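**Student:** Sharing a structure here in C-alpha cells format.
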Amino acid sequence: MSTPTPRVAVLMGSKSDWEVMKTTSETLKKFGVAHECKVLSAHRTPKEACDYVSSAQGRGIRVIIAAAGGAAHLAGACAAHTTLPVLGVPMEGWALKGLDALLSTVQMPPGMPVGTLAIGKPGATNAALLAVQILALGDEALARKLVESREENRRKILAETLE
C-alpha cells in the first residue's frame, strides 16, 4: 500500500521546535491530511530550504506551515520561493518570550504575504486547522470533517458544568 502524497509541509527551524509543532502534525492526522515534517533553517540551511520550498508545489504540497523563533525568517524565506499559502508559527525562543518571532513573522513587506498565527502551541494547532480549511475549499469530505469537528467542540463546551 502506498502512502498518500503529502498536501501540507510542516517546517521548523530547529529540532527543538518539534515539541510544539508535533501539535500541528497531530491535528493534521486527526483530519486525515497527509503531510511531511522537516527541519530546515532559513539561516543554517538556506539552499536546502529554498530547494525544498521551490519544488513543493510540483510534489503535491498545497500549504506550507513554517515555525521559527528568534529572527523567525523561515516563513518569509518560504514565501519568497513559492506562491503556495505560507502559514507562520512564531516560536517562543530565547528572547522576548516569542514576541520577537511574532513581529518578524507578521511584518512581511507588501507582496510577500505570510499568514501568521499565535505564538507556540495555540498557533501550531490553528496553523493546522487553517491549512485544513484551505484544503477543504476543494475537498467536500474534508469540509464535512471540519463541520463535524466544530460540532464536537460545541458539544464538549455545552456539556461542561461548574460545581
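**Student:** Test of understanding: what is the full-extension gain from N153 to S54, defined as 0.36 nm times their sequence separation minus their Cα-Cα distance?
**Tutor:** 32.0 nm
**Student:** Ok, one more. Label T161 and K22 with points 7 Å out from Cα along Cα→Cβ: what is the distance between them in nm?
**Tutor:** With each label point 7 Å from Cα toward Cβ, the separation is 3.5 nm.
**Student:** Sorted by mean Cβ packing within 10 Å, highest first, what order do the peptides 55-63, 71-79 take?
**Tutor:** Ranked from most to least packed, the peptides come out as 71-79, 55-63.
Only the coordinates and a few stated rules stand behind these numbers; no lab work does. Since the structure is predicted, the reported quantities are computational estimates derived from the model, not experimental observations. Every residue, glycine as well, gets a Cβ built from its backbone with ideal geometry; the counts of neighbours run over all protein chains shown.
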